[in-house]
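To keep things clear, I will list the structure first and then write my remarks on it.
The values are calculated or read from the model by the stated rules, or taken from the named source; none is laboratory data. All values reported here derive from a predicted model rather than from experimental measurement. Backbone-built Cβ (ideal geometry, glycine too); neighbour counts: all protein chains shown.
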Amino acid sequence: MENSKNIFNENPKSSLAKVLDIITTMASKPSGFIGLAILIFHVILAISSPWFAPYDYKAINPSLMLNAPSSEFWFGTDSLGRDVFTRTILGGRTALTITFFGSIIALLWGGLLGIFCGLVGGRIDDIVMRIVDAFLSIPWILAMLLIVSLLGTTTEVLIPALGFFYGKGIVRVARAATHDVIAKDFIVSAKARGHSNLSIIWNEILPNVRDAILVEGAMRWSWMLLGFSSLSFLGFGVSPPTPDWGLMISNARGLMSFAWWAVIAPIVGLSSLIIGINLTADAFAKALGIDRSTKAPV
Amino acid sequence: MKTNIQEIKDLSIGFKSQKGKQISILRNITTNIRKGETVGIVGESGSGKSTLALAMMGYIKHGLFTTRGECLFKSQNLLSLNNKELEEIRGRKIAMIPQNAGQALTPNLKIGYQIEEALRLHTDYSKTEREKKISELLNQVRLPSPKIMALRYPHELSGGQQQRVAVAMALAGNPELLLLDEPTTGLDVTTQAHVLELLKDIAKDTGTSMVYVSHDLGAIAQVCDRVIVMYAGEIVLEGPVRKILKEPIHPYTYGLLKSIPKLSLAGLPDSMPGSQPQPGNIGSGCSFYDRCNFSNDKCKVNVPKLEYISEMDTSVRCFNHSELISITSEQKSKNHLQKEITIDEILDLKDVSISYAKQGIIDQFLNKVTDTNPTVKDINININKGETIALVGESGSGKSTILKSIAGLLKTKDGYIKFDKEKLLSGDLKKRNSEDLRSIQLIFQNPDESLNPNHTVEQILSQPLKLYFGLTGSKLKSSIAELLEKVRLGAFYMSRYPRQLSGGEKQRIAVARAFAARPDIILCDEVTSALDVSVQAAVLDLLQKLKEELGTTYVFVSHDLAVVKAISDRVAVLYQGRLCEIGPSKNVYQFPSHPYTEVLIGAVLEPDPDIKPKLVAEDIVEEKPPEIGCSFQGRCPRIIGDKCRNETPPWQIGDNGNAIRCHIGIEELKIQQSQC
Ligand SMILES: Nc1ncnc2c1ncn2[C@@H]1O[C@H](COP(=O)(O)OP(=O)(O)OP(=O)(O)O)[C@@H](O)[C@H]1O
Ligand code: SF4
Ligand code: SF4
Ligand SMILES: [Mg+2]
């Protein structure tokens, strides 16, 4: 018998062990560690902040207008006398929630459509990609503005709308990844055996394109966050008095020259979250081996 | 004695495992390359031959490091030079032709420009000198009309021509040492023979030393003066080419040579059990101990040293080499049971034509293919139950195309394919019923591509079992275990991923997957060409045994005539999608033959330096089959004029049962072919 005392001791791992493995690999590089730490910090903050927020985020107090940071108000107060610290630690909750679910929707429709196009190819693929390209060429912010002004700014509108606009890019990635595997003989083999398209997508393609799509989804998440905050900044995201970084920046930016604290805190909150997600997505890609590999010179 | 151009002294190269253990890939290599000599390095994949070749130009792959020893080029240790110093040597004094160099040419730059780049980088010639040199180089590699060639793009050249350009670029800097890594692997048989011929002439004319890395002993036999055989990172045998190939005194080389199918022998070659140990897993004794037929207890614990035997001018690493000296070099091979095939037709290809031409919208609508010159045309083959029929021909001859249409992956343009006498097989996969799909299974060339890398062996084998028989639970598990046993693998392989298997094991899984469907016909597309020779023999043996056990019919596609001869009952020779000759395999390999079969047989490289290939036809590659006349007219060395160009040649039946499609009469062919 060939090779019975075998050379490979790698045992099959449970999915949980695999996930832990990936996270350990991600955290083993400084950039991945920092990214993960920032992301985890933000998630924990978003979940727990209502319990330890020192003040009421909507309590207006004209007598405390634009107070500089002090031991009482760590980050100072805003133009309505609300505590900036309270509003900052609460300000990521809406953005995180909406964009998280938006990303999942983007992943689902973008991933499935992309795989489908890659699999069927030919004319259908051409037509679908034309349409996707056409949508890509519309400035998304205009389209978003149109949608929210027609349908309102509720969560039920924002999540699918963001999910739709940020899914287009995933279509392309999923399609390209599918194209890479579609020519492989194991797909031809499955086709020749007579498996249905759905079974081929599920069993043969998905395990091979999953990683690429997940990485793209993570990247899209950070972009969506920026996009959502821009909407808030323009007044089309969440409505006051809900604390939200985009909205806070928008409200305080006119007073920046003399009340910088009201603007700095939400900016730090938003940008650190985006950087955190980006670094994490990068480390995720590297841990999965999707990084452009360095080739030998010969 | 000639002077050494390169001396390798006690070289070991290794890496650190994740656990921090030091693992060697090359172990204590000591050898010399003399001036003007061509040295072949052979070994199976993973034996360290490429690592050694790269070290010879001072290059160590990322992640590897030298643990001891040195690599002296003209008494300068390449491994201790910095990049700047190496640049002075690489490309100028030592040049390399990497694997697939021809395909690696930059696609959007003209040939002439790419050669000029090499000249600019590696020489101090002026512009006008360079221009002159380009023509000279193209001439040297025997490309026709260099002036015109220089203006072409790589895709306008054939595979063999591209490889010649790669050779020309390597010669640009007038190297003293030329390293070639599998320079002809992937080329067609005829092209391969021509490129080897060229390399041999260049070595003779320029006096360049060459190091030729290959797993193909046939190619090594043609070009090399001396051979180094590597196994598990060590040199196990080294000596003059004739001694190594004719009197191999190391058990590995002995077994390796026996496992190569040869044209002169009928039946399957002996296979070598087991596979090469992985680096880091080599036992305490001789590294070949597990697979050796000559071993004794001494070998298990003691490591043999490389011993020089002066009367043979050969170094060997084996305690028992003297036993091998006494064995007569006569080779016998297991005759496979040539049982009489009863005429019981299972598959009938009638007037089959297949076209890749893009259909216009109207034709698509009418479901009609219009193409006057289809890729595959007029194929008539009938296949009997339990028979192995082989399709041979060079790349692009339509072998895979025919297999695909039998499998239903391609529509036929004309003609039909009938299964089991009355069932017409639809050209549309979706229209075939599950029973027909199950009856015909495919095995592919490269198991790396045909097994889903993200599935375990269990998942891979359960696909057909679930689909065709609806098996689940413990029934499924036991069927999988049974299949694994059938392909001589243990049940513990179930949880493995393809990347945890060796090449031969992967192909066994692919074989098991095909047999899982309990098919009547298995289509094999170059199933052994991605495997090492010693593994190839074992896989062929497995296929043969399974067939005897289960009565399966094989349609076997291969470009390797010796492999085909070993396994098939009947052979069909294809050129440009047209049949040239078909008949019982023992007769196809005898004269009279179709002129194309003659060319193919002539180009076969035997692992014997005294059998030279006969290069009759040019190694040009035709893009399209000719519209009228004989398909082989463009290259035929026996062409008899306008008749061949204008009329489709008739089928003629020879007295030994093979059918030949040629305008020259059988008797005449016999006379002409017996003259050379
Ligand atoms: N999808 C395709 N579209 C257009 N032409 C194709 C396609 N696939 C193959 N061909 C052409 O059809 C011809 C026959 O190809 P085929 O793959 O059947 O050859 P083959 O004999 O199997 O060669 P190889 O030994 O290289 O596998 C070639 O000229 C090839 O270029
Ligand atoms: S030393 Fe022993 S085990 Fe090794 S090759 Fe020689 S006979 Fe075989
Ligand atoms: S028909 Fe003519 S061109 Fe064709 S193989 Fe015969 S002799 Fe050659
Ligand atoms: Mg092929």
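Quick test for you: out of B:PRO625, B:PRO649, B:PRO637, pick the one residue that is over 18 Å from B:ILE666 (Cβ atoms) and part of a loop (DSSP other than H, G, I, E, B).
Working: B:PRO649 fails: over 18 Å from B:ILE666 (Cβ atoms); B:PRO637 fails: over 18 Å from B:ILE666 (Cβ atoms).
Of the residues listed, the single one that is over 18 Å from B:ILE666 (Cβ atoms) and part of a loop (DSSP other than H, G, I, E, B) is B:PRO625.
Can you pull out every residue in region B:499-538 that is over 21 Å from B:LEU391 (Cα atoms) and part of a loop (DSSP other than H, G, I, E, B)?
Result: B:LEU501, B:SER502, B:ALA517, B:ARG518, B:ASP532.
Give B:LEU531, B:LEU540, B:LEU579 a once-over and let me know the one that is at pLDDT 90 or above, under 21 Å from B:PRO273 (Cα atoms) and not assigned by TED's automatic domain parsing to the domain that holds B:ALA266.
Values: B:LEU531 fails: at pLDDT 90 or above; B:LEU579 fails: under 21 Å from B:PRO273 (Cα atoms).
Exactly one residue qualifies, and that residue is B:LEU540.
For region A:51-96, which positions are closer than 22 Å to A:VAL238 by Cβ, free of Cβ contacts under 8 Å to residues at least 40 places away in the same chain and part of a helix (DSSP H, G or I)?
Within region A:51-96, A:TRP51, A:PHE52 qualify.
So in region B:108-125, with the set limited to residues that are of a type in the set (Asp, Glu) and free of Cβ contacts under 8 Å to residues at least 12 places away in the same chain, which one is surrounded by the most Cβ atoms within 10 Å (Cβ to Cβ)? It would help to see each step written out before you state the result.
At the first step, the residues of region B:108-125 found to be of a type in the set (Asp, Glu) are B:116-117, B:124.
Pick out the ones that are also free of Cβ contacts under 8 Å to residues at least 12 places away in the same chain and you get B:117, B:124.
Numbers: B:GLU117: 15, B:ASP124: 8.
Result: B:GLU117.
Looking for something among the hydrophobic types (A, V, I, L, M, F, W, C), in contact with an Asp or Glu (Cβ under 7 Å, 6 or more places away or on another chain), crowded, with 20+ Cβ neighbours inside 10 Å and under 22 Å from A:LEU231 (Cα atoms) - is there at least one such residue anywhere in region A:112-128? Give the derivation first.
Of the residues in region A:112-128, the ones among the hydrophobic types (A, V, I, L, M, F, W, C) are A:112-113, A:115-117, A:119-120, A:124, A:127-128.
Now narrow it down to the ones that are in contact with an Asp or Glu (Cβ under 7 Å, 6 or more places away or on another chain): A:117.
Next, only the ones that are crowded, with 20+ Cβ neighbours inside 10 Å stay: A:117.
Subset that is under 22 Å from A:LEU231 (Cα atoms): none.
Within region A:112-128, none of the residues are among the hydrophobic types (A, V, I, L, M, F, W, C), in contact with an Asp or Glu (Cβ under 7 Å, 6 or more places away or on another chain), crowded, with 20+ Cβ neighbours inside 10 Å and under 22 Å from A:LEU231 (Cα atoms).
Among the helices (runs of 4 or more DSSP H) lying completely within region A:183-280, list those that include at least 1 residues that are away from every other protein chain (no Cβ under 14 Å) and of a type in the set (Asp, Glu).
Numbers: elements: A:185-193, A:206-233, A:245-252.
Filter on region A:183-280 gives A:206-233.
Restricting attention to region B:425-458, report how many residues are within 8 Å of chain A (Cβ to nearest Cβ) and without any contact (Cβ under 8 Å) to a residue 12 or more places away in the chain.
The total comes to 1.
Considering only region B:1-43, give the strands (runs of 3 or more DSSP E) lying wholly within it that have at least 2 residues that are of a type in the set (Gly, Ala, Ser).
On the way: elements: B:4-16, B:22-34, B:38-42.
Hits in region B:1-43: B:4-16.
Would you pick out the residues in region B:126-141 that are surrounded by fewer than 16 Cβ atoms within 10 Å (Cβ to Cβ) and within 22 Å of B:LEU180 (Cα to Cα)?
B:GLU136, B:ASN139
Of all residues in region B:294-313, which are over 24 Å from B:VAL241 (Cβ atoms) and out of contact with any Cys (no Cβ under 6 Å at 6 or more places or on another chain)?
Here is the first cut: in region B:294-313, the residues over 24 Å from B:VAL241 (Cβ atoms) are B:295-303.
Answer for region B:294-313, where residues must be over 24 Å from B:VAL241 (Cβ atoms) and out of contact with any Cys (no Cβ under 6 Å at 6 or more places or on another chain): B:SER295, B:ASN296, B:ASP297, B:LYS298, B:LYS300, B:VAL301, B:ASN302, B:VAL303.
List the pairs whose first member sits in region B:384-405 and is within 14 Å of chain A (Cβ to nearest Cβ), whose second member is more than 16 Å from ligand 2 (Cβ to nearest atom) and of a type in the set (D, E, K, R), and whose Cβ atoms are under 6 Å apart, counting only residues at least 6 apart or on separate chains?
Sorted first by the residue in region B:384-405, then by its partner, the pairs are B:SER400/B:ASP525; B:LEU403/B:ASP525.
Results for (1) touching a Ser or Thr at 6+ places or on another chain (Cβ under 6 Å); (2) more than 16 Å from ligand 1 (Cβ to nearest atom), shown as yes or no for each residue.
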{"site": "B:LEU561", "(1), (2)": "no, no"}
{"site": "B:ALA572", "(1), (2)": "no, no"}
{"site": "B:ARG578", "(1), (2)": "yes, no"}
{"site": "B:SER593", "(1), (2)": "no, yes"}
{"site": "B:VAL604", "(1), (2)": "no, no"}
{"site": "B:LYS612", "(1), (2)": "no, yes"}
{"site": "B:LEU615", "(1), (2)": "no, yes"}
{"site": "B:LYS624", "(1), (2)": "no, no"}
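Which condition number in (1) at pLDDT below 90; (2) more than 20 Å from B:SER529 (Cβ to Cβ); (3) assigned to a helix (DSSP H, G or I) is the one that B:ALA193 fails?
Just one mismatch for B:ALA193, condition (2).
May I ask you to verify whether B:VAL487 is assigned by TED's automatic domain parsing to the domain that holds B:SER434 and within 16 Å of ligand 1 (Cβ to nearest atom)? Talk me through it step by step, then tell me what you get.
Numbers: assigned by TED's automatic domain parsing to the domain that holds B:SER434: yes; within 16 Å of ligand 1 (Cβ to nearest atom): no.
It is false that B:VAL487 is assigned by TED's automatic domain parsing to the domain that holds B:SER434 and within 16 Å of ligand 1 (Cβ to nearest atom).
Please pick out the residue among B:ILE664, B:ILE660 that is more than 16 Å from ligand 4 (Cβ to nearest atom), away from chain A (no Cβ under 14 Å), in a loop (DSSP other than H, G, I, E, B) and of a type in the set (A, V, I, L, M).
Just one listed residue meets the conditions, B:ILE664.
Of all the helices (runs of 4 or more DSSP H) wholly in region B:364-452, which have at least 2 residues that are in contact with a strand residue (DSSP E or B) (Cβ under 6 Å, 6 or more places away or on another chain)? Break it down stepwise before answering.
Working: elements: B:399-407, B:434-439, B:447-450.
Helices (runs of 4 or more DSSP H) meeting the threshold: B:399-407.
Specify the residue that is nearest to the other protein chains (Cβ to nearest Cβ); the eligible residues are those in region B:111-140 that are touching a helix residue (DSSP H, G or I) at 6+ places or on another chain (Cβ under 9 Å) and part of a loop (DSSP other than H, G, I, E, B).
In this case the residue turns out to be B:THR123.
Please find, within region A:153-178, the residue that is farthest from the other protein chains (Cβ to nearest Cβ) out of those that are surrounded by fewer than 17 Cβ atoms within 10 Å (Cβ to Cβ) and either under 15 Å from A:VAL120 (Cα atoms) or of a type in the set (A, V, I, L, M) (or both).
Among residues in region A:153-178 that are surrounded by fewer than 17 Cβ atoms within 10 Å (Cβ to Cβ) and either under 15 Å from A:VAL120 (Cα atoms) or of a type in the set (A, V, I, L, M) (or both), the one farthest from the other protein chains (Cβ to nearest Cβ) is A:VAL157.
Among the residues of region B:619-676, which ones are of a type outside the set (Asp, Glu), in contact (Cβ under 8 Å) with a residue 40 or more places away in the chain and away from ligand 3 (no atom under 13 Å from the Cβ)?
Listed by number, the residues that qualify are B:ILE620, B:VAL621, B:LYS624, B:GLY654, B:ASN656, B:GLY657, B:ASN658, B:ALA659, B:LYS670, B:SER674, B:CYS676.
For the condition buried (at least 24 other Cβ atoms within 10 Å of the Cβ) and within 12 Å of chain A (Cβ to nearest Cβ), what is the one hit in B:VAL527, B:VAL573?
Working: B:VAL573 fails: within 12 Å of chain A (Cβ to nearest Cβ).
Only one candidate passes the filter, namely B:VAL527.
Scan region B:483-524 for residues that are within 11 Å of chain A (Cβ to nearest Cβ), of a type in the set (Phe, Trp, Tyr) and more than 30 Å from B:SER214 (Cα to Cα) and report the count.
2
Looking only at helices (runs of 4 or more DSSP H) that lie completely in region B:237-301, which have at least 1 residues being within 16 Å of ligand 2 (Cβ to nearest atom), closer than 22 Å to B:GLN222 by Cβ and out of contact with any Gly (no Cβ under 9 Å at 6 or more places or on another chain)? Spell out how you get there, then give the answer.
On the way: elements: B:241-246, B:251-258, B:297-301.
The qualifying helices (runs of 4 or more DSSP H) are B:251-258.
Could you count how many residues in region B:260-275 are crowded, with 17+ Cβ neighbours inside 10 Å and either within 16 Å of ligand 3 (Cβ to nearest atom) or at the interface with another protein chain (Cβ under 10 Å from one of its Cβ atoms) (or both)?
2
With the requirement that a residue be among the polar types (S, T, N, Q) and either outside any loop (DSSP other than H, G, I, E, B) or under 23 Å from the mean Cα position of the chain (by Cα) (or both), what does region B:539-584 give you?
Once the filter is applied, which keeps residues that are among the polar types (S, T, N, Q) and either outside any loop (DSSP other than H, G, I, E, B) or under 23 Å from the mean Cα position of the chain (by Cα) (or both), region B:539-584 yields B:GLN544, B:THR553, B:SER558, B:SER568, B:GLN576.
Need the failing condition index for B:VAL563 against (1) within 16 Å of ligand 4 (Cβ to nearest atom); (2) out of contact with any strand residue (DSSP E or B) (no Cβ under 7 Å at 6 or more places or on another chain); (3) within 14 Å of chain A (Cβ to nearest Cβ), just the number.
(3)
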